[in-house]
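Student: Supplied in C-alpha cells, the structure appears directly below.
Throughout, read-outs are computed from the coordinates displayed, never taken from laboratory work. Everything numeric here is computed off the predicted structure, so don't read it as measured data. Cβ sites come from the backbone with ideal geometry, for glycine too, and all protein chains shown count toward neighbours.
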Amino acid sequence: MDFKWQTVPSKLTIVLSKGKSKWVDTQVVFAMPYDTPVPGYKNNIVNTLRLWSAKAENHFHLKFFNDGDYVQAVMDRNLSENITRVLYPNDNMFLGKELRLKQQYFLVAATLQDIIRRFKSSIYGNREAVRVNFDTFPDKVAIQLNDTHPSIGIPELIRLFVDVEGLTWDQAWDICIKTYAYTNHTLLPEALERWPVSLMQNLLPRHLEIIYEINQKFMNTISDRFPGDFDRMRRMSIVEEADQFGEKRINMAHLCIVASHAINGVAALHSELLKSSTFRDFYEFFPDRFQNKTNGITPRRWLLLSNPSLADLIVEKIGESWITNLDELQKLKEYANDAGFLDSIRRVKSENKQQVAQYLSDEYNVNINPASLFDVHVKRIHEYKRQLLNILHVIALYNRIKENPNIDMVKRTVLYGGKAAPGYHMAKQIIRLITAVAEQVNNDAIVGDRLKVIFLENYRVSMAEKIIPAADLSEQISTAGTEASGTGNMKFMLNGALTIGTLDGANVEMAEEMGDDNIFIFGMNVEEVEALTKRGYSSQEFINKSPMLKQIVDQIEGGMFTPEDPAQLRDLSNMLRHHDRFMVCADFDAFIEAQDKVADTFRDQEKWSRMALYNIASTGKFSTDRTIAEYAREIWGIDQFESSLPAPYENEKSE
Ligand SMILES: *Cc1c(COP(=O)(O)O)cnc(C)c1O
C-alpha cells in the first residue's frame, strides 16, 4: 500500500516573523497510518477508517546510537511512541493529563495534514502549486468534532492556513467555521474538557496564542451586541477566569461552538437541554447553529449478525428489506394478534437464553434457570447510570424471600456487566456491592432458583452481541437529564427486550415510537429533578419515609453483605445518606413499584411477547442509517445519495 509518514512537530518554542509564526526546538514524531476497512452491506463499497500510531523518527535513534548513547536513544523512542500507547479509560470524566493532550494533538495534526494533502492533490494532482486556493475547501471537506476531544484541531487548522499556507486570518477563520461542526455528548460538568492554560502554554504555545485571538474577536462581537454586559462575556468566554488556585482554563466546548457552523446533541431531550441550560447563552447568540441528531445503531450488527434466529423469523414474515430500511419492521405489527408468531418470538428468545445460561454455568459455575426473567444491566459503570439503584432492588427481592421463604415470585436472573475507570472509587464500591450480594444470594439455599445475580467480567462489544439477544428486561434507569442518548437501550429494543427506564436520553423517543403501554417508565422527569434540586434535595428524607429503603441502607452500612470486612462499603452507604448526587433514594420507591409491574406482566407470556413485538417493530427511527443521512443532509451539505437511504426523520416537535 502506498502511504507516507507524516511529520508532526511537538515540543515547541515559537519565533515570530511578520505575522507568520514558526515553531523551533521541536520534537519530531512520525504518524504511521493504519487503514481499517469498513465494508458496506451488499453495496460494493468499502470505506477506510484511517487510524494513527506514533513512531519515533528513525535517524534520531541512529544519531544517538552512533554517538554511543544507545540507552538514551531507546528512551527517546519510548517518549514518542508512548503518545499512542493507551486509550484513556475514563467515561464521562475529564482528566487533565499532559500525555492525553499530546495524544489528542498528535491524532488531530496527523489527520489535518492528511486532509490538506488530499485536498491539494484533488485539485493539482502531483503538480506543486505556489499558492493553493482554499476557497473550495469547505465544499470538499467536512470535519465533525466527535465531542471536544479533537477540538485542538480548530487552532491547528488556523495555524496550518495562516502560518504554513499564507492565508489571512479572516480567510482562515471563514473556512474553519464552514468546515467544522460539533457534536456534544454529555451535560455532566465533570466531563467537560477545560485544559489549564499553563499546560497548553508549555506544550502548544502557538495554539494557545490562536485561541486567545479567537476569543478576543468573539468577545468583541458579544460586546457589540450586548454593550456593557460583562457578566455575559465572562460566562461565554473561551478563556475562563482564574480559579481559587490562580489557574486559568480553556473551555473547549465554548471553543467548538464559536468555531463551528453546526452544534448538535444526540437525542431530542439532550439537544433541548443544551439550548435551555448548559449552552443557553450560546443558543441565544447563535440560534441557527443548534440542531439535534438522535443516535442510532446498525441493524446489521445488532440484529442480523448477533441474533440470526430472530432475523430469520422476521425475514420469513416480511422479507429482507428491513436490513437496509429498518422502518420496514413496522409491517410486523400486523402480526400482533397472531398467536403462532408471538409463540415463535418467545421460542427464539428462549433458545438465546438457554445458550447464555449454558455460558454462565461454564464461566461462573452458577446454575441458571433459563425460564427465569433475564434482567440485564450492561453499560459502563457510572453513578449517573445508577447500577446502585438496581442492586438495591435485588436486595429488596432477597429481603422479601428471607421474610417469607415460601413466597411465590417471578424468578429472576439479574445480569450486570461493565467496566469502571481504574481510579473511580465509588464505581468500584458499587461493583463490590454487586459481587457481595451475588455471593450471598447465589449460595443461599432458601433462595433456590428464584433469584440469581452475576457480574459479567470484561463486558465488551463481543459480549454485548451474546447477552443482549437473550435479555427479557433492559435496565435504562439513569437520573433524568444525565444520559445524553444511550445506544444500549436501542440494541435491547431491537432484540425484543422490554425496557424499564426513566424519561432520559433516547428512552423518551423510544417510548414515543412504541407507545407508553409497551415500556415501563418510572421515576422523576427532568422538571421534577430540577424542582427537587431547587427546593433542596436530602436523601435522608426519602430514606426515612421508605421502610424498605431504610432497611437496605442499614444492611449495607452494617456489613451484612461484606461480613469479613463490615466497613468495606461505608463510603457507599455514606454517599447514599449524605451526598446522593444522582437521587437514587428519591426514585427508589417508584423503581420497586415499576419492577413489581414488570414481574406481574411477565406472568402473562402472551402479553409480554406482544409488547416485545411492538418494541421490535418500532425501532425504525433508531437505525444509524437514518442518523447518518441526517448528518449528511443537514450538516455536511451532502444531498445526493447513491443508494436507497431513508428520508430524514421528521421531528414533529421542532419548529
Ligand atoms: C452499546 C454499548 C455501550 C453503550 O451502552 P449504553 O447503555 O448506551 O451506555 C457500552 N458498551 C458496549 C460494549 C456497548 O456495546
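Student: Size of the dipole of the chain about the Cα centre, Lys and Arg at +1 and Asp and Glu at -1 on the beta carbon, nothing else charged, in debye to 20?
Tutor: I would put it at about 1380 debye.
Student: Run the paramagnetic zone check for V74: 7 angstrom along Cα to Cβ, then residues of segment 30-60 with backbone nitrogen under 19 Å.
Tutor: 55-60
Student: Using only Cα atoms, locate the centre of segment 512-554 and the centre of segment 260-297, then give the distance between them in Å, rounded to an integer.
Tutor: Comparing the Cα centres of segment 512-554 and segment 260-297, I get a distance of 27 Å.
Student: By how many nm would the segment from S121 to R234 lengthen if fully extended, with 0.36 nm per residue of separation less the alpha-carbon distance?
Tutor: In short, 36.3 nm is gained.
Student: Short version: ³J(HN,Hα) in whole Hz for each residue of segment 275-281, in order, from phi by Karplus 6.51 cos²θ - 1.76 cosθ + 1.60 (θ = phi - 60°), x for Gly and Pro, what are they?
Tutor: Rounded to whole hertz, the list is 6, 8, 10, 4, 10, 3, 4.
Student: So, one more: Among the lysines, which have Cα under 18 Å from the Cα of K22 when same-chain residues fewer than 8 positions away are ignored?
Tutor: K11
Student: Between I638 and A339, what is 0.36 nm times their sequence separation minus the Cα-Cα distance? Round to one decimal in nm.
Tutor: Between I638 and A339, full extension yields 103.1 nm more.
Student: Still on this structure, I have one more. Determine the dipole magnitude for segment 206-284: charges of +1 sit on the beta-carbon of Lys and Arg, -1 on that of Asp and Glu, nothing else is charged, the reference point is the Cα centre, and the result goes in debye to the nearest 20.
Tutor: About 140 debye.
Student: How high is the FRET efficiency between R535 and R280 when r is their beta carbon distance and R₀ equals 25 Å, given to the nearest 0.05?
Tutor: Efficiency at R0 = 25 Å is approximately 0.70.
Student: Would you please state which residues of segment 291-320 a label at D362 would reach in this model, taking the label point 7 Å out along Cα→Cβ and a backbone N cut-off of under 19 Å?
Tutor: Correct set: 306-309.
Student: Another question about this same structure. Can you grab the distance from the C-alpha centre of segment 141-163 to the C-alpha centre of segment 215-229, Å, no decimals?
Tutor: For segment 141-163 versus segment 215-229, the Cα centre distance is 23 Å.
Student: Add -39500 (n - 2.57) for each DSSP H run of 4 or more in the chain, then divide by its residues: what number comes out at 222 nm, to the nearest 500 deg cm²/dmol?
Tutor: About -14000 deg cm²/dmol.
Student: If you don't mind, another one. Sort 153-163, 202-212 by the packing proxy (mean of other Cβ within 10 Å over each peptide's residues), most packed first.
Tutor: 153-163, 202-212
Student: Read phi for every residue in segment 457-466 and hand back ³J(HN,Hα) as whole Hz from Karplus 6.51 cos²θ - 1.76 cosθ + 1.60, θ = phi - 60°, with x for Gly and Pro.
Tutor: So the J values, rounded to whole Hz, are 7, 6, 4, 7, 4, 5, 6, 4, 4, 7.
Student: From the phi of every residue in segment 145-156, what ³J(HN,Hα) in whole Hz does the Karplus formula 6.51 cos²θ - 1.76 cosθ + 1.60 yield, where θ is phi - 60° and glycine or proline is x?
Tutor: Listing the rounded values in order: 6, 7, 6, 7, 4, x, 5, 5, x, 5, x, 5 Hz.
Student: For segment 473-569, take the alpha-carbon Rg, divide it by the Kirkwood Rh, and send me Rg/Rh.
Tutor: With Rg and the Kirkwood Rh in hand, the quotient comes to 1.08.
Student: By DSSP, what percent of the beta bridges with both residues in the chain are antiparallel, rounded to the nearest 5?
Tutor: 45
Student: Test of understanding: ordering S539, S344, S618 by Cβ neighbours within 10 Å, fewest first, what list do you get?
Tutor: The order, fewest Cβ neighbours first, is S344, S539, S618.
Student: Report the Rg/Rh value for the chain, based on alpha-carbon coordinates and the Kirkwood definition of Rh.
Tutor: 0.99
Student: Using the number of other C-beta atoms within 10 angstrom as an exposure proxy, rank T168, T186, T111 with the fewest first.
Tutor: T168, T111, T186
Student: A further question on this structure: For an R0 of 41 angstrom, estimate the FRET efficiency from the Cβ-Cβ distance between R301 and R400 and round to the nearest 0.05.
Tutor: 0.60
Student: Take the residue pairs K428/K466; K42/K102; K331/K379 and return only those whose Cα atoms are more than 29 Å apart.
Tutor: K42/K102; K331/K379
Student: Using the count of nearby Cβ atoms within 10 Å as a rough guide to exposure, how do R577, R249 rank from fewest to most?
Tutor: In order of increasing Cβ crowding within 10 Å: R577, R249.
Student: Moving on to the next point. Which of the residue pairs K402/K545; K385/K550; K55/K419; K275/K419; K385/K545; K97/K120 have a Cα-Cα distance greater than 26 Å in the structure shown?
Tutor: Distance filter (> 26 Å) returns K55/K419; K275/K419; K97/K120.
Student: Name the long-range amide H neighbours of W195: under 5 Å, sequence gap of 5 or more, or other chain; modelled H, no Pro or chain starts.
Tutor: Hits under the 5 Å cutoff: I250, M252.
Student: Right, something else. List every residue whose amide H lies under 5 Å from the amide H of S623, counting only residues 5 or more places away in sequence or on a different chain, with H placed 1.01 Å from N in the peptide plane.
Tutor: HN-HN under 5 Å from S623: I297.
Student: Also: For Y182, which sequence-distant residues (separation of 5 or more, or a different chain) have an amide H within less than 5 Å of its own amide H, given hydrogens modelled in the peptide plane?
Tutor: It is L145, A262, I263, N264, by chain and number.
Student: How many angstrom lie between the Cα centre of segment 459-508 and the Cα centre of segment 86-122?
Tutor: Taking the Cα centre of segment 86-122 as reference, the centre of segment 459-508 is 30 Å away.
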